[in-house]
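Read the structure below first, then the notes.
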Amino acid sequence: MITEAKQVTKNFNSSEFACKHCGNIYISEALIKNLQTLGDHLHFSKAKVISGYRCKNHPVELQNKNTGQHTKGLAADIEYYDKNGKLVPAKIVICLAYDLNLFKGLANVENASSEGEVHLDIRESGSYRGDETIDYKTHWTNPYSYYGVTKEDVEKYTKATSKQLEVEKDITKDQLKVLVNALKIRIEPTTESMVYKDAIKGAYYNYTETVENENYTWYKISDNKWIANNGSYLEIIPKAQSTNEEEIQKLKGIIKQKDKEIKDYQNEIKDLDAQIKELTSYKFKYTCEKDGKYLKTLKKGETLLIK
Ligand SMILES: [Zn+2]
Ligand SMILES: [Zn+2]
């Protein structure tokens, strides 16, 4: 549990979840991380925490017979705003949160401050799928049918236009290349799941996992990002295999040998340089072949060097 003010994720500081009554901070890091993940899927510009931690003396909790997830630091009532700064409707947030399976407790909130406020919690046991605007007993099983939301409604918020998943071709990684237009990147390996965005024809993606489902092989290209292949949608390029590995080792051996040859040549050049230096350092050089006395008549300006 986080008990002091600090930046926990890109968009959330723990101080935003402090008890509104006493200012104490007691909030789950996992809860905040899940709120960030949910927001990232919405491409949110900001989120407003209406209520995070509530101590037992918080007016709302004093009215409650049973203290709830807020007193355990496991819940937040929150609003999300889309990339244009517009409030995301609660029913959209709930359907997406339900699909991502990040929260055990999901509900729209009684006396909500807006059409966008939702209650999200990561309770340790059981689950809660509520509509507190009616009462605390109403439970739904499928938010899409309950709230009258379609996948397309949610996709308006989740579909991305960014290129962040596309990568450079790299034979040292498991990759795939998209061969067709309008192939979907989905958040789960099923055609039932939501579209994150369209894959780009001709682009490369790294993959880390495959799953067989609905007569497709699904490739996981990132967390909650999957692409289907029917055999002709994608070119699969597994990272360089062991046969290539042998060839690479052979070439590396050759490079090592050539490096050694370069060093030998460099030493040889050094020796020749030293010889040149020696030969040019004297204007006159005389090597004595035999012991004895020798005479030399020098002219003005001449030097005699004797080793
Ligand atoms: Zn308090
Ligand atoms: Zn709540």
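Residues of segment 48-57 being surrounded by fewer than 21 Cβ atoms within 10 Å (Cβ to Cβ) and touching an Asp or Glu at 6+ places or on another chain (Cβ under 8 Å), which ones? Within segment 48-57, 48, 49, 50, 51, 55 qualify. Considering each of 207, 147 in turn, give the residue that is assigned by TED's automatic domain parsing to the domain that holds residue 41 and either touching a Lys or Arg at 6+ places or on another chain (Cβ under 8 Å) or touching a residue at least 60 places away in the same chain (Cβ under 8 Å) (or both). Step by step, each of 207, 147 is checked, and only 147 is assigned by TED's automatic domain parsing to the domain that holds residue 41 and either touching a Lys or Arg at 6+ places or on another chain (Cβ under 8 Å) or touching a residue at least 60 places away in the same chain (Cβ under 8 Å) (or both). Condition check for residue 33 on (1) of a type in the set (Lys, Arg); (2) in a loop (DSSP other than H, G, I, E, B); (3) surrounded by fewer than 20 Cβ atoms within 10 Å (Cβ to Cβ): one failure, at (2). One residue is enough: does segment 212-226 have a residue meeting the conditions over 29 Å from residue 37 (Cα atoms), under 48 Å from the mean Cα position of the chain (by Cα) and modelled with pLDDT of 90 or more? For segment 212-226, residues over 29 Å from residue 37 (Cα atoms), under 48 Å from the mean Cα position of the chain (by Cα) and modelled with pLDDT of 90 or more: present.
Among residues of segment 83-111 that are under 18 Å from residue 138 (Cβ atoms), those with a Cβ under 8 angstrom from a residue that is within 16 Å of ligand 1 (Cβ to nearest atom), sequence gap 6+ or separate chain, pair up as 105/69; 105/75; 109/50; 109/77. Within segment 169-183, can one find any residue that is farther than 11 Å from residue 226 by Cβ, among the hydrophobic types (A, V, I, L, M, F, W, C) and touching a Gly at 6+ places or on another chain (Cβ under 7 Å)? Yes, segment 169-183 contains at least one residue that is farther than 11 Å from residue 226 by Cβ, among the hydrophobic types (A, V, I, L, M, F, W, C) and touching a Gly at 6+ places or on another chain (Cβ under 7 Å).
Could you tell me how many of the residues in segment 93-104 are aliphatic (A, V, I, L, M) and assigned to a loop (DSSP other than H, G, I, E, B)? Within segment 93-104, residues that are aliphatic (A, V, I, L, M) and assigned to a loop (DSSP other than H, G, I, E, B) number 1. Residues to consider are 108, 101; find the one that is in contact with a His (Cβ under 9 Å, 6 or more places away or on another chain), of a type outside the set (Asp, Glu) and under 22 Å from residue 41 (Cα atoms). Residue meeting the stated conditions: 108. For segment 1-38, the candidate set comprises residues that are within 16 Å of ligand 2 (Cβ to nearest atom) and not hydrophobic (A, V, I, L, M, F, W, C); within that set, the residue that is nearest to residue 82 (Cα to Cα) is 34. Away from ligand 2 (no atom under 13 Å from the Cβ), farther than 18 Å from residue 30 by Cα and touching a helix residue (DSSP H, G or I) at 6+ places or on another chain (Cβ under 8 Å) - does that describe any residue in segment 65-72? Looking through segment 65-72, none of the residues is away from ligand 2 (no atom under 13 Å from the Cβ), farther than 18 Å from residue 30 by Cα and touching a helix residue (DSSP H, G or I) at 6+ places or on another chain (Cβ under 8 Å).
With respect to (1) within 10 Å of ligand 2 (Cβ to nearest atom); (2) outside any loop (DSSP other than H, G, I, E, B); (3) surrounded by 23 or more Cβ atoms within 10 Å (Cβ to Cβ), the lone exception for residue 60 is condition (3).
Would you confirm whether any residue within segment 78-98 is assigned by TED's automatic domain parsing to the domain that holds residue 147, touching an Asp or Glu at 6+ places or on another chain (Cβ under 9 Å) and within 11 Å of ligand 2 (Cβ to nearest atom)? Yes: one or more hits. Among the residues of segment 105-163, which ones are among the hydrophobic types (A, V, I, L, M, F, W, C) and either exposed (fewer than 13 other Cβ atoms within 10 Å of the Cβ) or part of a loop (DSSP other than H, G, I, E, B) (or both)? Across segment 105-163, the qualifying residues are 109, 112, 122, 134, 140, 149, 160. When segment 41-70 is examined, which residues are found to be within 11 Å of ligand 1 (Cβ to nearest atom), under 32 Å from the mean Cα position of the chain (by Cα) and more than 18 Å from residue 132 (Cα to Cα)? Matches in segment 41-70: 53 only.
Residues that are within 30 Å of residue 179 (Cβ to Cβ) and under 55 Å from the mean Cα position of the chain (by Cα): does segment 256-278 have at least one?
no
The values are calculated or read from the model by the stated rules, or taken from the named source; none is laboratory data. All values derive from a computational prediction rather than experimental measurement. Neighbour counts are summed over all protein chains in view; Cβ atoms, including those assigned to glycine, are modelled from backbone coordinates with ideal geometry.
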